[in-house]
Amino acid sequence: RKNKIPTLGMLDIMAIVTCLVHGFGRIGCLMAGCCHGTPTDLMWGITFTNPVCQADPLNTPLHPTQLLESGYIFLVMTFLLLLKKKKAFDGQLFLLYLILYAFGRFFLEFLRGDSGRGFVWDGLLSNSQVIVLLIIPVAGYYYVKFSRRSKLLKK
């Protein structure tokens, strides 16, 4: 406010920066063994062997959820960068980031094996999935609202 920087425009910039930081952060998760996947027999399973890593179980191929999420986040970032010059309203990139990330995270959660993150409804959905189910409609509502306001202002 002090510098009169538009909040929604700044959130658009932060969405792209957040993708970059978050994508590399998930690579760090891979190196630490946290946020790991469930056991798998698929050829891309990653086996953690170091007892100080957070992966559980050790010496068992696990879904590389950290790499899947990192790759997905970088795809979202690429999409946002391509859309940046054609955006229709301030806040559009930020809201799309929220919707796209939440959508991807919902499905990725089914492959996650770190049960310490918490579950609701007798293990049916993780806490993250419940949060996603709140984020998508709220962000979608604001996306439609700001999009309509932008169209009205252009007329």
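If segment 57-128 were replaced by its equivalent ellipsoid, with semi-axes equal to the square roots of 5 times the Cα gyration tensor eigenvalues, what would those be, largest first, whole Å?
Values: eigenvalues 182, 51, 8 Å².
Those come to 30, 16, 6 Å.
Could you check the simple spin-label distance between Tyr141 and Leu42, using points 7 Å along Cα→Cβ, in nm with one decimal?
Placing both labels 7 Å along Cα→Cβ, they lie 3.5 nm apart.
Which of the following values of Rg/Rh (Cα atoms, Kirkwood Rh) was calculated from the structure shown: [x] 1.02; [y] 0.92; [z] 1.07?
[z]
Over the chain, what is the relative contact order in percent, taking alpha-carbon pairs closer than 8 angstrom and at least six residues apart? Intermediate results must be reported in sequence, preceding the final value.
Values: 195 pairs, mean separation 39.0, N = 155.
It rounds to 25 percent for the chain.
Note the angle between two axes, namely the Cα long axis of helix 92-108 and the longest principal axis of the Cα atoms of the chain, as a number of degrees from 0 to 90, rounded to the nearest 10.
So the helix axis and the longest Cα principal axis differ by about 20 degrees.
Quick one: which residues, 5+ away or cross-chain, put their amide H under 5 Å from the amide H of Cys34? H built at 1.01 Å from N.
The list, which skips near neighbours in sequence, is Gln54.
How far is helix 7-32 tilted, in degrees, relative to the longest principal axis of the Cα atoms in the chain, given as a value from 0 to 90 rounded to the nearest 10?
Helix 7-32 sits roughly 10 degrees off the main axis of the chain.
Looking at the P(r) of segment 87-154, how many percent of alpha-carbon pairs lie beyond 17 Å? Mind showing how you got there, number by number?
Values: 1124 of 2278 pairs.
Percentage above 17 Å: 49.
Just how large is the dipole of the chain about the Cα centre, in debye to the nearest 20, putting +1 at every Lys and Arg Cβ and -1 at every Asp and Glu Cβ?
1560
What angle do you read, to the nearest 10 degrees and between 0 and 90, between the alpha-carbon axis of helix 127-154 and the longest principal axis of the chain?
The two axes meet at around 20 degrees.
Stretched out fully, how many nm does the piece from Phe103 to Ser115 gain, at 0.36 nm a residue minus the Cα gap?
Numbers: separation 12, 0.36 × 12 = 4.32 nm, distance 2.01 nm.
Going from the current span to full extension adds 2.3 nm.
What accessible area per residue comes out for the chain, rounded to a whole number of Å², with a 1.4 Å probe? Mind showing how you got there, number by number?
Values: 9790 Å² over 155 residues.
Normalised by residue count, the accessible surface of the chain is 63 Å².
Taking the alpha-carbon distance from Lys145 and a cut-off under 18 Å, which aspartates and glutamates remain once sequence neighbours fewer than 8 residues away in the same chain are dropped?
Hits, sequence-local ones excluded: Asp12, Asp90.
The values are calculated or read from the model by the stated rules, or taken from the named source; none is laboratory data. Owing to the predicted nature of the structure, the values given are computational and were not obtained by experimental measurement. Cβ: placed from backbone, ideal geometry, glycine included. Neighbour counts: every protein chain shown. All accessible areas refer to the heavy atoms of the entire protein, side chains included, with ligands and DNA or RNA removed. Shrake-Rupley method; radii C 1.70, N 1.55, O 1.52, S 1.80 Å.
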